[in-house]
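The values are calculated or read from the model by the stated rules, or taken from the named source; none is laboratory data. In this text the structure is predicted, and so the values were computed from the model without any measurement. So basically every Cβ, Gly included, is an ideal-geometry build from the backbone, and we count neighbours across all protein chains shown.
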Amino acid sequence: MQSFANRLQKVDRHITKWAKRQGITCYRIYDLDMPEFPFCIDRYEQYLHIAEYKAQHGLSEAMHDAWLAECLQVISLTLQTPREQIFLKERRRLSRRTEQYEKVAQESHKLVVQEQGLQFRVNLSDYLDTGLFLDHRPLRKTFREEAAGGKRVLNLFAYTGAFSVYAAAGGAAHITTVDLSNTYLQWARENMEQNGLLDDSRHSFVAGDTMDFLKSPAAGTYDLVFVDPPAFSNSKKMSGTWDTQRDHPTLLHLILQHMSPGGILYFSNNLRQFEPRFERLEATSIRDISLQTIPEDFRNKKIHHCYRIVR
């Protein structure tokens with residue numbers, strides 16, 4: 001346990017100073033740094049959000065519970081955070097962003113965090129994810145810059161609308177935010193409102209399946225698009241199932257049909273073994289920018305794939 005404590009102390013000292021310089025209050029401290037301690041530990045203001053990734057540890061349930069309790073005590077003491085301010089979730093390595101809609105609690109522990117001059121509402125208790133994907137922080141900054149000059153912006157599989165907030169802050173003329181969940185769309189509206197950017201005359205929120213939306217002639221034309229689909233979904237609200245590896249060529253083809261010449265599309269996904277199939281896309285440029293979009297506080301440089309596609 002001492003080696004774990006030493007590692008936590010070292011990375012916390014470095015990352016906390018970095019975060020203050022960046023103007024962010026939510027960031028990753030520990031990112032599966034040591035295989036024998038399979039945790040991701042994120043700081044949200046004065047709270048810690050911990051994901052334990054299940055491993056083949058060979059321990060009985062009782063022994064694992066005792067080990068986990070000792071780990072939490074070490075984390076609490078080393079990172080100077082009371083146990084009641086620590087939220088623990090259990091994850092499987094392949095399930096990230098495939099279960100974000102599943103509720104795991106009803107505590108509704110919400111707070112507002114700061115990121116690069118903007119504010120976001122997060123929920124630390126009720127879902128596996130908090131409402132803000134920290135690994136997309138650098139891309140959100142780029143997206144805000146790209147939205148300048150009155151761009152028409154589309155945010156698909158939008159979750160809680162963080163990219164929509166950044167686009168609005170950057171000066172986008174109109175933003176369309178699309179997600180299957182009314183709960184998350186309302187959260188997106190609240191994030192807009194939190195930053196004083198909610199304007200129903202300029203921004204629209206669409207509850208529905210992304211593919212159905214894109215197949216509609218009324219979908220419109222856009223200059224800037226962001227899409228980060230779940231790896232897999234079989235929601236009852238959808239017609240059929242969604243599989244990113246299988247369906248991404250059709251998705252990107254449909255998006256490009258709704259883009260102006262020279263428009264920019266950012267496509268991201270978190271499939272570890274993702275194989276891009278871009279051969280038939282009608283695009284003038286496709287670049288893999290994954291490494292450029294991974295933040296400094298993430299040790300895992302394969303946390304997501306990201307591509308910049310120009311119509």
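Below, the figures for the structure above:
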| read-out | value |
| --- | --- |
| Ser285 of a type in the set (Ser, Thr, Tyr), modelled with pLDDT under 95 and out of contact with any Cys (no Cβ under 6 Å at 6 or more places or on another chain) | no |
| Any strands (runs of 3 or more DSSP E) falling wholly within region 110-184 and containing at least 2 residues that are farther than 27 Å from His258 by Cβ | 110-115, 118-123 |
| Sole residue being in contact (Cβ under 8 Å) with a residue 12 or more places away in the chain and among the hydroxyl-bearing types (Ser, Thr, Tyr), chosen from Ser216, Ser201, Ser233 | Ser233 |
| Which listed residue, of Tyr47, Tyr53, is modelled with pLDDT of 95 or more and farther than 30 Å from His258 by Cα | Tyr47 |
| Which numbered condition Thr142 misses (of (1) surrounded by fewer than 16 Cβ atoms within 10 Å (Cβ to Cβ); (2) touching a residue at least 24 places away in the same chain (Cβ under 8 Å); (3) of a type in the set (Ser, Thr, Tyr)) | (1) |
| Whichever residue in region 104-161 is over 21 Å from Val206 (Cβ atoms) and among the hydroxyl-bearing types (Ser, Thr, Tyr) and, among such residues, is farthest from the chain's Cα centre (by Cα) | Ser108 |
| Elements of type strands (runs of 3 or more DSSP E) contained in region 221-311, each with 2 or more residues being in contact with a strand residue (DSSP E or B) (Cβ under 9 Å, 6 or more places away or on another chain) and surrounded by 21 or more Cβ atoms within 10 Å (Cβ to Cβ) | 222-227, 259-269, 305-310 |
| Residue list for region 45-66, filter: in a helix (DSSP H, G or I) and under 17 Å from Arg91 (Cα atoms) | Glu61, His64, Asp65 |
| Candidates Asn195, Asn182, Asn191, filtered to the one that is within 18 Å of Leu132 (Cα to Cα), assigned by TED's automatic domain parsing to the domain that holds Phe143 and without any contact (Cβ under 8 Å) to a residue 40 or more places away in the chain | Asn182 |
| Selection count, region 50-72, where residues are touching a strand residue (DSSP E or B) at 6+ places or on another chain (Cβ under 8 Å) and of a type outside the set (Asp, Glu) | 7 |
| Residue ID - nearest to Lys89 (Cα to Cα), chosen from residues in region 21-44 that are charged (D, E, K, R) and modelled with pLDDT of 95 or more | Asp42 |
